[in-house]
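See below for the structure under consideration.
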Amino acid sequence: MLRLLKHSRKFSTVNSKGWPIEVVKNAAIVTLNSSKTNAMDPKFFSDCSDTIEKLEKDREFDKKVIIFTAKGNIFSSGINIKHVHPLKRNEFTQFLGSLSDCFFKLITLQRPTVSALNGHAIAGGLIFALTSDFRVASKGNYRIALSEVPVVGIPFPAVPYEICRAKLNPRVMVEATFLGKVYTPDTALKADIVDKVVDTEKLVDASIEIFNELPIESHRAYGRTKKAFWHPFMERMQLDSQYRKELDKEFVETRFSTDGDKMFNTIYSSLFK
């Protein structure tokens, strides 16, 4: 179990949508619980959207640091292969739109954010973490990786790829996205993918402590600075962007190519048959 600060106060989530949220001093702790592995599918996207809306509109969370974490040994396993496997081309394209929208909502949340990695962060799960301003990882034997190219056999769609470009240094960008290098928490720290590695029981506290020197009065300025950081990305990722259209089209076409279909079938069979 993740240890929260001694005087934590749980925010009521009775009859509310989205992921549960706990208020701990100056932080709102969001626990991803869409499924055991937090695989990305319509329920995950709906939970993400509802949670972001709640964080943005409810005064309970005003001027709070936002911490995203999960339970068990998986932060998020990326896209739900079981859900995606039978989708037709137009359905798969719609799925991509929902995936991109989820990441957009996380990026445009103008609050200080941290992804507190409790375990495996694979493919879209790692990209989710990269949308946060900082990442703290618990110690442990688990994988942090972008597996799209070598394992799934598909190129990156535009939005996830540009998130990687914004957050990873060039050398790591190449080895992580081209080759799908698998990192441990310690090697991810050396590669600047995560900012801290701490004991599991200190994961949430260490995530909150990142912002100890940030006055509450500075949250508005922080949000505006964050918006400026992501502005070039948002400009490139407009729906009518030719660059985005080309990358997303290639992503979909590769999924339904002979090689892409073969690799998807292989993965699906290894997981579910």
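The values are calculated or read from the model by the stated rules, or taken from the named source; none is laboratory data. Because the structure is predicted, anything quoted here is derived from the model rather than measured. Virtual Cβ from ideal backbone geometry, glycine too; neighbours counted across all protein chains shown. Heads up: the accessible areas ignore ligands, DNA and RNA and are worked out on the full protein's heavy atoms, side chains in. Shrake-Rupley method; radii C 1.70, N 1.55, O 1.52, S 1.80 Å.
Here are a few things to note about the model shown:
- Selection within the range 102-143 - open to solvent by less than 10 Å² (accessible area, probe 1.4 Å) and hydroxyl-bearing (S, T, Y): T113, S115, T131, S132, S138
- Answer residue from the range 83-101, given it is without any contact (Cβ under 8 Å) to a residue 24 or more places away in the chain and not in a helix (DSSP H, G or I) and is most open to solvent (accessible area, probe 1.4 Å) among those: K88
- Counting only helices (runs of 4 or more DSSP H) that fall entirely inside the range 166-273 and contain at least 2 residues that are open to solvent by 30 Å² or more (accessible area, probe 1.4 Å), the qualifying elements are 170-173, 185-190, 219-236, 242-255, 258-272.
- All positions within the range 122-156 that are part of a loop (DSSP other than H, G, I, E, B), touching a residue at least 40 places away in the same chain (Cβ under 8 Å) and under 27 Å from F229 (Cα atoms): A123, S132, D133, S147, P155, F156
- Residue count for the range 52-82, restricted to those that are without any contact (Cβ under 8 Å) to a residue 40 or more places away in the chain and either touching a Lys or Arg at 6+ places or on another chain (Cβ under 6 Å) or crowded, with 20+ Cβ neighbours inside 10 Å (or both): 1
- When S49, S35 are checked against the criterion of being under 21 Å from R111 (Cα atoms), open to solvent by 20 Å² or more (accessible area, probe 1.4 Å), at pLDDT 95 or above and not in a strand (DSSP E or B), a single residue qualifies: S49.
- Count of residues meeting criterion [under 20 Å from H231 (Cα atoms) and modelled with pLDDT under 95] in the range 166-196: 0
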